Amino acid sequence: MPTPPLATLPIRRLTFRDLSACADLSEDRGWPREEHKWGLLLSAGKGYGIDGPDGGLASACVVTEYGGREQPSLGAIGMVLVAERHARQGVGRRLMHYVVSTMDSTPLTLYATPNGRPLYEELGFKVTGRAEMLRGHFVPGADGPVAGVSTRSATAEDLPALLRLDEEVFGADRTHIVTRLPAFADQLRVAEEDGRIIGYAAAWPNMNTHVVGPLIARDTPTATALVASLAARTDRPLRTDIDVRHEELLAWAKARGLESVAFNTVMTYGITELPGDWTRRFAPVTVAAG
Ligand SMILES: CC(C)(COP(=O)(O)OP(=O)(O)OC[C@H]1O[C@@H](n2cnc3c(N)ncnc32)[C@H](O)[C@@H]1OP(=O)(O)O)[C@@H](O)C(=O)NCCC(=O)NCCS
């Protein structure tokens with residue numbers, strides 16, 4: 001039987017059952033398999049994919065919606081992938097056109113790799129910022145405690161306060177992500193001042209690293225206290241993606257042994273700026289979900 005042309009293959013919703021096929025696709029592109037991350041995205045977000053004529057997935061991407069359930073106020077696109085053997089034949093363009101039209105008038109955002117950027121620009125996405133990916137073993141420094149600020153492990157009772165803070169800073173309701181963090185992350189810590197939560201951060205396992213994200217804090221000293229407290233409780237190298245406007249945090253993290261690995265471009269569609277308060281938003285949960 002002749003194989004059908006790629007342009008006619010249907011686009012379907014992915015489910016949790018597609019997790020290993022998604023990880024295979026990552027691997028095909030030389031990305032780490034990141035099954036734990038795919039698991040979060042496929043359960044909290046909506047996956048879309050195209051089955052390849054030769055088995056496996058030819059293409060995939062995930063959209064995580066934020067805000068109202070019926071009418072989301074923001075959609076974050078991530079894990080846009082086309083298998084190497086099907087590359088440069090319009091598959092990525094077709095899947096992205098489909099996803100953008102499915103999202104109707106919902107504003108969209110994504111972190112673009114240099115590979116993906118031309119396609120997003122063609123679709124009308126505009127550059128609004130940049131994030132620097134850092135990685136490495138954290139070397140504790142001579143940072144004294146931040147006056148009046150303490151960190152501790154989050155408890156179930158903190159959840160309402162975390163959800164309030166997160167929505168204020170992210171600019172949209174992220175309940176479905178934040179409530180998954182206690183199970184998804186190995187550590188979830190809060191920073192407090194006078195019994196009030198002024199920041200929180202998670203460290204979740206990704207291949208051999210711990211990814212620090214989300215990282216939300218009132219100011220840079222609070223962010224450094226959170227990162228240092230997460231680092232003190234893991235032997236793995238850390239990875240994080242920091243908004244380049246947070247120069248002080250970037251300089252501090254580099255002085256503590258983390259190295260710059262890559263830059264990703266923040267792009268939006270339908271809005272000119274991301275909602276929320278960037279001054280308190282230091283790092284996303286993952287660049288694949290905002
Ligand atoms: C980025 C990616 C999804 C594009 O998928 P694709 O099916 O190969 O892309 P298309 O054939 O639909 O091409 C769409 C346009 O993107 C651009 N493009 C795609 N691949 C490119 C490449 N390797 N170099 C430069 N531009 C490229 C071109 O403008 C292209 O249009 P053209 O072929 O008419 O010139 C695919 O290359 C991929 O999976 N890359 C690795 C993972 C990645 O970086 N994903 C993006 C995450 S943000």
Practice prompt. Could you tell me what percent of the accessible area of the chain is made up of carbon and sulfur, with a 1.4 Å probe and every protein chain present?
Written response: 52
Worksheet, complete the sentence: The FRET efficiency for Glu247 and Ser43, from their Cβ-Cβ distance with R0 = 51 Å and rounded to 0.05, is 0.90
Worksheet item: Quick one: if you take sqrt(5λ) for each eigenvalue of the C-alpha gyration tensor of segment 50-137, what semi-axes come out, biggest first, whole angstrom?
Response: 22, 19, 14
Worksheet item: In nm, to one decimal, how far is the modelled label at Arg69 from the one at Asp51, with both set 7 Å along Cα→Cβ?
Response: 3.0
Fill in: Label point distance in nm, Arg13-His97, each placed 7 Å from Cα along Cα→Cβ
2.4
Worksheet item: Nearest 20 debye, what's the magnitude of the dipole of the chain about its Cα centre given +1 on Lys and Arg Cβ and -1 on Asp and Glu Cβ?
Response: 460
Item to complete: Would you kindly derive the ³J(HN,Hα) couplings of segment 74-84 from the backbone phi angles with the Karplus curve 6.51 cos²θ - 1.76 cosθ + 1.60 (θ = phi - 60°), listing them in order in whole Hz, with x for Gly and Pro?
Response: 7, x, 10, 9, x, 6, 6, 9, 10, 4, 3
Response to the item:
For segment 1-95 the trypsin sites (Lys or Arg not before Pro) that pass both the DSSP coil test and the at-most-15 other-Cβ-within-10 Å test are Arg29, Arg69, Arg88
Worksheet item: Using Cα pairs under 8 angstrom and six or more residues apart, how large is the relative contact order of the chain, in percent?
Response: 22
Item to complete: Express the relative contact order of segment 52-135 as a whole percentage, based on alpha carbon pairs under 8 Å and six or more residues apart in sequence.
Response: 25
Worksheet item: How about segment 215-290: which GluC sites (Glu not before Pro) there lie in a loop by DSSP and see at most 16 other Cβ atoms within 10 Å?
Response: Glu273
Item to complete: Starting from the Cα gyration tensor of the chain, take the square roots of the eigenvalues, sort them a ≥ b ≥ c, and report rounded, prolate or oblate (rounded when a/c is under 1.5, otherwise prolate if a/b is larger than b/c, else oblate).
Response: prolate
Worksheet item: Rounded if a/c is under 1.5, else prolate if a/b is larger than b/c, else oblate: which is segment 155-287, with a ≥ b ≥ c the root eigenvalues of its Cα gyration tensor?
Response: rounded
Discussion item. What is the distance in Å between the Cα centroid of segment 167-219 and that of segment 88-129?
Written reply: 27
Discussion item. With the crude spin-label approximation of a point 7 Å out along Cα→Cβ, what separation in nm comes out for Asn208 versus Asp24?
Written reply: 2.6
Response to the item:
Row for segment 6-106, column shape: gyration tensor on C-alpha, a ≥ b ≥ c, rounded if a/c < 1.5 i.e. under 1.5, prolate if a/b over b/c, else oblate; value oblate
Worksheet item: What's the FRET efficiency of Asn115 with Leu163 using the Cβ-Cβ distance as r and R₀ = 30 Å, to the nearest 0.05?
Response: 0.30
Item to complete: Evaluate the relative contact order of segment 6-106 (contact order divided by residue number), counting alpha-carbon pairs under 8 angstrom at least 6 apart; express in whole percent.
Response: 26
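The values are calculated or read from the model by the stated rules, or taken from the named source; none is laboratory data. Every value quoted in this text rests on a predicted model; they were computed, and no experiment measured them. Methodologically, a virtual Cβ is constructed for each residue, glycine included, from the backbone with ideal geometry; neighbour enumeration extends over all protein chains shown. Ligands, DNA and RNA are excluded from the accessible area calculation, which covers all protein heavy atoms including side chains. Shrake-Rupley method; radii C 1.70, N 1.55, O 1.52, S 1.80 Å.
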